[in-house]
Structure formats: C-alpha cells, structure tokens
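Have a look at the structure below before the remarks.
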Amino acid sequence: MELSPIPVGTAIGAFLLAFPALFSIVNPIGAALIFNEVMGDRTPAERRLFARRIALYALIVLLVSLWLGGYVLNFFGVSLSALRIAGGIVVAVRAWSLLMQPEVHEERKASAAEPAHGAADDVAFFPLTMPLTTGPGTIAVAIALSSQRPASGAGLLGFFGGVSLAAGCVAALIWLCYRGADSVVALLGPGGARVMSRLIAFLLLCVGVQIMITGVLGVADLIRTGHG
C-alpha cells in the first residue's frame, strides 16, 4: 500500500519531499541577514571563509540526521508509523511558530549567534552552524524526513540518494546566501525576509501535515491487516 503521494522510493521523489522541508526550516535567505549582522566586523575574505565552512558543517549535520536519525529511534523501539506521526507534529508545530512569529525566531537565532568573535575554527561550527544555521529544529525535521524511507528494498538507495542531494543543494544555498549576504540584505531587507519566511513556513507546515497523514495511514493499515 502506497501511503504517500510522493514516490519516496525514487531519488526524484525523495528530493521533492526533502528539499522544500529542509529549505524551509533552514531558511538560508533569512539566516543570511543574521549572518551579515554578526559578521559585520569581519573582512570580506573572512566572511567568505566562514560561509564555506558553515556550509560544509551544515551539510554534515543534515546528512547525519537524514541517514541515521530514523534508525537511531527505531533502535529504541519506536515504530516507523509512530516516528512519522511524532515527526510530523514536530515539523508542524515548528512551522506554525515560524508562521506566526518569525521575528521571535530571528531574534532567538541572532542572540544565539552573538558570541561569534573568535577564530574561524572556534565559531564556524558553534554558534554559526549550530544553532544559527542548522539547529535543533532542523535536526528534528531531518529525522522526521528520514522516517519516510521505504522499509526495505531497492527504494532505500533511491531515497537516501534523493535526500542527500537535497541536503547538498541546501548546503550550496547556505554558502551562496552567506557569501553574498550583503547583496541579500540590499535586495530583501528585514521586511522582505520576513515575508519570505512566512511563505516558506507555510510550505513547511504542509510538509509536516503530510508526514503526519502518512503515519496515521500506516497505523490504520496495520490495524486493518491485523484484524483481517
């Protein structure tokens, strides 16, 4: 029984599921505004270096969460359907908070990134990658996405290939947006960034609801099969 309208057993289907969700929660355009603010005293060469390192670290965080997150929870006895329902709730709640109060979310990220005054090696991962770019919310979304993997078979390879490509594209956008943070600020400004944040938060809300629906259908299928 196919529980999702998106064929997650193919690389294209997995990419189409993962990329909008990861892009929405990471929001590299909005994060670039914060990056530009906290990096205001850095030289252009230092900012480019930070952009490259943050993108690399963000890619590692995303890949580890996507590849291993679901398996770790399954190891503790969490069923795939339960993981999907819980993950969908986490994604939906996170998206709702972003949709209703994007300013609070931005202020929280900016406050967490304030101590970014050490050497590149010291601050590129913390606080500029975590929690500014890929914080707990991003990890939760990635784990929820990993719950959408096929149970077994050849579809697993396509799924992990697709979500890995999505993570790579998001990391590339982080690098581009952070590297050109000055241009992003000039183009959008804080008001434009908040409008875009609300739009992509709504998209993330839809993804969370879809993941929950998939989990509920999985539970219903198990009940029907068990009683059959």
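Show me the helices (runs of 4 or more DSSP H) entirely contained within region 1-114 in which 2 or more residues are at pLDDT 80 or above, aromatic (F, W, Y) and under 29 Å from G162 (Cα atoms).
11-26, 44-75
Can you pull out every residue in region 141-191 that is surrounded by 24 or more Cβ atoms within 10 Å (Cβ to Cβ), among the aromatic types (F, W, Y) and within 16 Å of L66 (Cβ to Cβ)?
Once the filter is applied, which keeps residues that are surrounded by 24 or more Cβ atoms within 10 Å (Cβ to Cβ), among the aromatic types (F, W, Y) and within 16 Å of L66 (Cβ to Cβ), region 141-191 yields only F159.
The values are calculated or read from the model by the stated rules, or taken from the named source; none is laboratory data. Please read all numbers here as calculations on a predicted model, not as lab measurements. Note that each Cβ is placed from the backbone with ideal geometry, even for glycine, and that neighbours are counted across all protein chains shown.
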